[in-house]
1. Can you list the HN-Hα couplings for segment 252-260, worked out from phi with the Karplus curve (6.51, -1.76, 1.60; θ = phi - 60°), rounded to whole Hz and with x for Gly and Pro?
2. List the residues whose amide H sits under 5 Å from the amide H of T93, counting only those 5 or more places along or on another chain, with H placed 1.01 Å from N in the peptide plane.
3. For A338, what residues show an amide H to amide H distance below 5 Å, using hydrogens built from the backbone and excluding near sequence neighbours?
4. Run the count for the chain, please: Lys pairs, Cα-Cα under 18 angstrom, 8 or more apart or on different chains.
5. For the peptides 80-87, 170-177, 144-151, what is the packing order when you average, over each peptide's residues, the other Cβ atoms within 10 Å and list the highest mean first?
6. Could you please rank R358, R133, R225, placing first whichever residue has the fewest other Cβ atoms within 10 Å of its Cβ?
7. Return the sequence-ordered ³J(HN,Hα) values of segment 106-121 in whole Hz as given by the Karplus equation 6.51 cos²θ - 1.76 cosθ + 1.60 applied to θ = phi - 60°, using x for Gly and Pro.
8. As a footprinting exposure proxy, order R75, R375 by other Cβ within 10 Å, with the fewest listed first.
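Throughout, read-outs are computed from the coordinates displayed, never taken from laboratory work. The structure displayed is predicted, hence computed values, not measured ones. No Cβ is skipped: glycine too gets one built from the backbone with ideal geometry, and neighbour counts run over all protein chains shown.
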Amino acid sequence: MFAFLQPARKALRLLTLPLFALALAACDTGVTGGVGSGGPSINTSKPVPVALLVPRGSGSASDDLLATSLENAARLAMRDLSGVTIDLRVYATAGNAATAANVATQAVNDGAKIIIGPLYAEAANAAGVAAARAGVNVLAFSNNTTIAGGNVYVLGPTFQTTANRLVNFAARQGKSRIVVVSAQDVAGQLGRNAIENAIAGSGATLAGSVDYPLSQQGVIDAVPRIKATMDSSGADAVFMTSSTASALPLLAQLLPEAGIQPSVTQYIGLTRWDIPSPTLTLPGLQGGWFALPDPARSAAFRAKYQATYGSAPHPIAGLGFDGIAAIGALIAKGNSNALTGAALTQGAGFQGASGIFRLRSDGTNERGLAIATIRNNQVAIIDAAPQSFGGAGF
């Protein structure tokens, strides 16, 4: 987060507001690589032991709240299963890699046929290493794709899925010459790579790339370079990786002031622009595009959770629901190989808390996203989330 020094500017004040999202972080990637096709044989006529690893016990109240919300969502998904019985066993990781490895080993020794969680990338990586010895797959809550592969699959929404969705939509709308603007931090560079990969796989053109140090002065100094790149390349879109909790509000103010008008140049964002809601009032973001999960399914999940538990779910609680939904759908087919890598990565995917998703053989995932814009300080959906893979937007 920035330590900006000009609180009189509304855009700068917004940079201090919290953003609830999964954070990408660097981690040890010792378990990555290769296609995970193995997994234990199961008896689908009996309760199937499933381990849920949550970040309870770290001493952080927010971790404990998140752990409860993930567990509640998982149990909510279990209520929807028909003809399937899951024996859910919950283990606390304390948000710690060493503890995660220990409890993953314990879960496997207790008979777990698959592990859901943990959340943090290093903990998920450690749990994956421990479970790999027994051929057990891990559906981690992380969105850090650097830990994906082998027996570890990430459930968290990824930059690549978002970038693919937005770039393909932009190309169809005739906004195909794209300049990428990114911060010089891990998340910024991973986001830049995802956008450039998406451009390479579409009919769009990478018109340029500009990065900046993660500081107020770094953003200010980058603006003339962004303008020069836009002008020299004939770009018609600028794709920014920054979030509302970081440089996005400042860029949304300074880029139009520099002459990059949103009415002419399409602004696109890799992160959600509707959280926190004051971001919707920024003039520079009016008419811009960003992606978000299926609004109807997300609202239905929140309502069901609220009715069951009397409180709103944590913003990422739906990943607990997704893990159980995928496992339950596979077990319902009655196959003893239901929890192998080959089964987990079947192409039809699954219906989750926020729409459709599927796991890929490289351990990453794809999610069905809607395209949204901002009109009169309100979110408007301009391209609905697909209801099956192979439909609109894919």
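1. Per-residue couplings from phi come out as 5, 8, 7, 5, x, 4, 7, x, 8 Hz.
2. Residues meeting the amide H criterion: V54, R56.
3. I42
4. Values: K46/K113; K46/K333; K113/K333; K175/K227.
Lysine pairs, 8 or more places apart or on different chains, close enough: 4.
5. Top to bottom by mean Cβ count within 10 Å: 144-151, 170-177, 80-87.
6. Details: R358 18, R133 11, R225 14.
Fewest-to-most Cβ neighbours within 10 Å comes out as R133, R225, R358.
7. Result, rounded to whole Hz: 4, 4, 5, 5, 7, x, 4, 9, 7, 10, 9, x, x, 8, 6, 4.
8. On the way: R75 18, R375 12.
If I rank by nearby Cβ atoms, fewest first, I get R375, R75.
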